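Structure record follows, encoded as C-alpha cells.
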Amino acid sequence: MLNIKIFGIVQGVGFRPFVKNLADVNKIVGTVANRGSYVEIFAQGSEDDLKNFLSALQSKNPPRSAILKVDIKNLPDKIFDDFQIINSVHEAGDIFVSPDISICDKCADELFNSNDRRYLHPFINCTACGPRLTILKNMPYDRERTSMGEFTMCDACAEEYFNPTSRRFDAQPICCNDCGPEVYIIGKNLRGHDAIKFARKILATGGIVAIKGIGGFHLACDAKNFSAVQRLRNSKTRPTKPFAVMFKNISAVKRECFLSYVEKTFLDSPQKPIVLLQKKFGSIAENVAPNINKLGVMLPYTPLHLLIFYFPDELTNFPDALIMTSGNPSGVPITIDDDDAIKNFDYCDAILSHNRKILLRADDSVMDFIDNRTSMIRRSRGYAPLPIFFDSNSKKSVLAIGGELKNTFCLAKNNLFYASPYIGNVGDLRTIAVLESSIRRMSDLLEIKPEIIACDMHPRYQTTALAEKISKELNVPLIKIQHHYAHVLSCMAENNFGGEVIGVAFDGTGYGLDGTIWGGEFFICDTKNFERVNSIKSFIQAGGDKSAREGWRIALAFIKNLDIARKLNLADEKNLRGVKFLLDNNINCVRSTSVGRLFDAIAAVLDICKFSSYEGEAAMRLQALAERSNKKFRADFKDTNEIFSEILNRRLAGENICDLARLFHDLLAEMTAEIVFELRERTKIKTVVLSGGVFQNSLLSSLVFSKLQYRGLKILRHELIPPNDGGICIGQAIFALN
Ligand code: ZN
Ligand code: ZN
Ligand code: FE
C-alpha cells in the first residue's frame, strides 16, 4: 500500500473527487482525506495500476490546483473494499490557508450571461475561485470568520451553499446581486453598475481612478495615454520606476509583448501574477517602463476587473491596457480602506471602492523568467501564505521578521514555513505598524505562537528593533542572522537542501560581521554555520545613504582621479570635489563589497545612470543595454578592480556602451564561476547556491548558471522564493531551527 501526501493548493479546488475518480478508473482501493495542509491518500492496487494512478495524479490534476510536493511511503497492505473520500478533520498544528484565487472561467461566463442571477455581479465567486487569505479572520475557514460574515446569504445563495452538487457548495464568500457587497464611488451618490460606468468613463478619457481590489487599492489609468501616465508619476512622486499594466486579454498582451508558452502559462494561472515580458515596439506609452526592455504584465483576476474592461455600456473605445499599480503613498504599504484612500488619493479623479473589508494586505506578485524557469521577484497575492517544506532539526515555532527592504516575514512550525504577503520597505513608522499588525493576524490565522524570534543583525534596522520588542513581550529568545547567510539559506530552504554548499550572495546592502557593508560574498555553509571564504574586492562608499543611490560616487572611489571623472562627466565640479574630499580624508566613508553598488558604478561610468530613483534602477538599465549588444567577448578571469579598469579604459577609448555593458556581465560571471570552481577544488563541495537581489538579473544569472553547469557543479536555484530581501525571512527561520 502506498501512503501519498500531496502538498500545495489542494483544498477548495475539487481535489478529492478528482482523486476518487482516478482511483476508480485505475482499480485502486483506499482513502483520500484533507489533512489541513495537505491531502493524504492511502492507495492499494497492482503495481501497474498504482504506477498509472500516480502519474495521472501529478499530470492531470484539476486546473485550479497546484502540486508543490509529493511524499510517497510504502506501507504494509490493509483491507479496503473500495476507494472512499473521508471527511476533513481540522488537525491542530498544520494549518492550510488558501491564497486568493483569480476568477474562474465558469464564474466569468456567468458574469456576462444576462440570464444568470449573478449577471454583472462584481463579487461573483465559487468553490474554485475568489478571495481567501485577504478576507480571513480565523481558522477554520467558515463564513462567519471572514469579512463576508456581515453579509447574510439570501435563500437562493443558501440553497447553493448547502447543496453538495452545486459548484458553490461550502463556498464561504458566496453572494449575489441580492445579498452581496456593493461597489460605489466615494463622495458621489453612485453605486453598483452606475459606479462602474462612471469609473470607465473617467479611465477612457485619460483620468486616474483608484480601484479597491483583493489585497488593496490599485491606481489605474490608460497605459497608452502618455500624459495620464505622467500625471500619475508626478502625483505619486515616482519618476521612473516601472508601472505594471493590466491587459484586457491575451491577444492584447501579444500585440505589445513577446509571450512564450511558459510565460503564458503563468500569466494566465489561477495566481495571476505580474509577469515581466519582453516589450515590442507597440502602443504602450514609453513612460510606463522607461529605459528597460521589459514590461510588467497581468491579466484581470477579479470580477470587478472584468467589468471595468467589458461592461456592456455605450463606451465603445475603452482602453485594453490599464496601468494597475499598487495604491500607496511612497514608502508606505498598500492602502486598504476608504478613510486612507480619501487621504492618499486626493489627486485621483475618482475612487471606486466596495464594502467587503480587506483584512490582510496582499500586493500583486511579480515574476520573471530565467532560462525558461520562474524567478520570483515579489511573492505575495496568489502565493502567500502557501508554505514551503524544509526538514529542520527542530519543529519549534518561529517568527522570522525579515529584512528592512521588500519586507516579508515568516512563521514556521512543524517544518512548514509560511512566508507572508509583501509588506514593503520598513523605513517608515506606518509600515512598522502594518508589519506588526500583519504578524498578529497571520499568527492567529496559522495558530502559531512563536517560541523563537529571528531577525537581521543590522543594529539600525527597524525590523531588528521590532524583533527585540516582540521577543521581550513574549519572553522568548531572539536570534540574529547575518543578512547574506540568510539569503543563501532561503535558497537552500526552497530546495529542501540541508547539506554543505558553496553559497554566493550578491546584493545591494547588508550588514557584515565586521561592521562593513557586505554584498559580494562567497560562503562555505550549511544550516548551522557559515564561513566567509571570499568576497569581491572591497571599495569605498562615500556619503552615507546617498552612495546607495548615486553610482557616480562609487565610480569616483574606483577612479580616484578628478581629471578622468571630469572627462566622464560623472558629476558637477562641486560634487566631484566634495566627494573627493570625503574619500581623501576618510570622512563618512564605509568599506563595501556590494555587487549592487559595483553595478551602479559601472552604469555611471558608461553614462547609463548616475542617479537611481529606485532600488536596482542602474542595474536594470545596464542589463537592458547589455541585451542589445550581440558582441561575443572572450572573458578571462579578472577581479572586480581589474574589471572596473577594463571597462573604464575601453569607455575612455570610445567603445560602444551596449557592448561594454555586455562585457561587464561576461567578466563578472566569469569571475564568479572561477571563484566557485576554485572553492570546489579546495573543498570538494559540489553544490552551489546563488542568492541575493543581484541574481534577479536574468542575464548575469543565466551566464553564471551555464558556466557552473559546464564545470560540473550542481546549482540550487531560486524559483518561487525571491532571491532579493523578500526571501530572507525564510532563511532566518531556517537558521533559528538548526
Ligand atoms: Zn468561480
Ligand atoms: Zn444571494
Ligand atoms: Fe539583501
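In the set I211, I186, only one residue is open to solvent by 20 Å² or more (accessible area, probe 1.4 Å) and among the β-branched types (V, I, T); that residue is I186. Scanning the stretch 461-483 for residues that are more than 25 Å from the chain's Cα centre (by Cα) and basic (K, R) yields K469, K472. Just one of (1) within 16 Å of ligand 3 (Cβ to nearest atom); (2) touching a helix residue (DSSP H, G or I) at 6+ places or on another chain (Cβ under 6 Å) fails for I502. It is (1). Considering G544, G508, G551, G515, the condition of being more than 16 Å from ligand 2 (Cβ to nearest atom), over 16 Å from H483 (Cβ atoms) and modelled with pLDDT under 95 is satisfied by G544 alone. If only residues of the stretch 169-181 that are within 13 Å of ligand 2 (Cβ to nearest atom) and more than 21 Å from K137 (Cβ to Cβ) are counted, the one that is surrounded by the fewest Cβ atoms within 10 Å (Cβ to Cβ) is D178. For the stretch 288-301, the count of residues that are of a type in the set (S, T, Y) and more than 13 Å from I211 (Cβ to Cβ) is zero. Can you find a residue that is free of Cβ contacts under 8 Å to residues at least 60 places away in the same chain, of a type in the set (S, T, Y) and more than 16 Å from ligand 2 (Cβ to nearest atom) anywhere in the stretch 483-503? Looking through the stretch 483-503, none of the residues is free of Cβ contacts under 8 Å to residues at least 60 places away in the same chain, of a type in the set (S, T, Y) and more than 16 Å from ligand 2 (Cβ to nearest atom). Residues in the stretch 82-95 that are at pLDDT 90 or above and open to solvent by 70 Å² or more (accessible area, probe 1.4 Å): D82 alone. Per the conditions (1) buried (at least 23 other Cβ atoms within 10 Å of the Cβ); (2) charged (D, E, K, R); (3) more than 26 Å from the chain's Cα centre (by Cα), the sole criterion not satisfied by D725 is (3). When the stretch 648-666 is filtered for residues that are touching a residue at least 24 places away in the same chain (Cβ under 8 Å) and more than 19 Å from N697 (Cα to Cα), the ones remaining, listed by number, are L648, R651, L652, N656.
Output yes when any residue across the stretch 215-223 is crowded, with 18+ Cβ neighbours inside 10 Å, part of a loop (DSSP other than H, G, I, E, B) and under 21 Å from the mean Cα position of the chain (by Cα), and no when none is. So far as the stretch 215-223 goes, yes, one or more of its residues are crowded, with 18+ Cβ neighbours inside 10 Å, part of a loop (DSSP other than H, G, I, E, B) and under 21 Å from the mean Cα position of the chain (by Cα). Of all residue pairs spaced 6 or more apart or on separate chains, those with beta-carbon atoms under 7 Å, a first member in the stretch 148-172 that is touching a residue at least 40 places away in the same chain (Cβ under 8 Å) and within 24 Å of P17 (Cβ to Cβ) and a second member that is open to solvent by less than 40 Å² (accessible area, probe 1.4 Å) and among the acidic types (D, E) are R168/E160.
Screening S98, S102 for residues that are in contact with a strand residue (DSSP E or B) (Cβ under 7 Å, 6 or more places away or on another chain) and buried (at least 21 other Cβ atoms within 10 Å of the Cβ) leaves exactly one candidate, S102. Residues in the stretch 135-168 that are assigned to a helix (DSSP H, G or I), within 12 Å of ligand 2 (Cβ to nearest atom) and of a type outside the set (A, V, I, L, M, F, W, C): D155, E159, E160, Y161.
The values are calculated or read from the model by the stated rules, or taken from the named source; none is laboratory data. All figures in this text were calculated on a predicted structure; none of them were measured in a lab. Here the Cβ is made from the backbone with ideal geometry for all residues, glycine too, and neighbour counts use every protein chain on show. Accessible surface areas use protein heavy atoms only, side chains included; no ligands, DNA or RNA. Shrake-Rupley method; radii C 1.70, N 1.55, O 1.52, S 1.80 Å.
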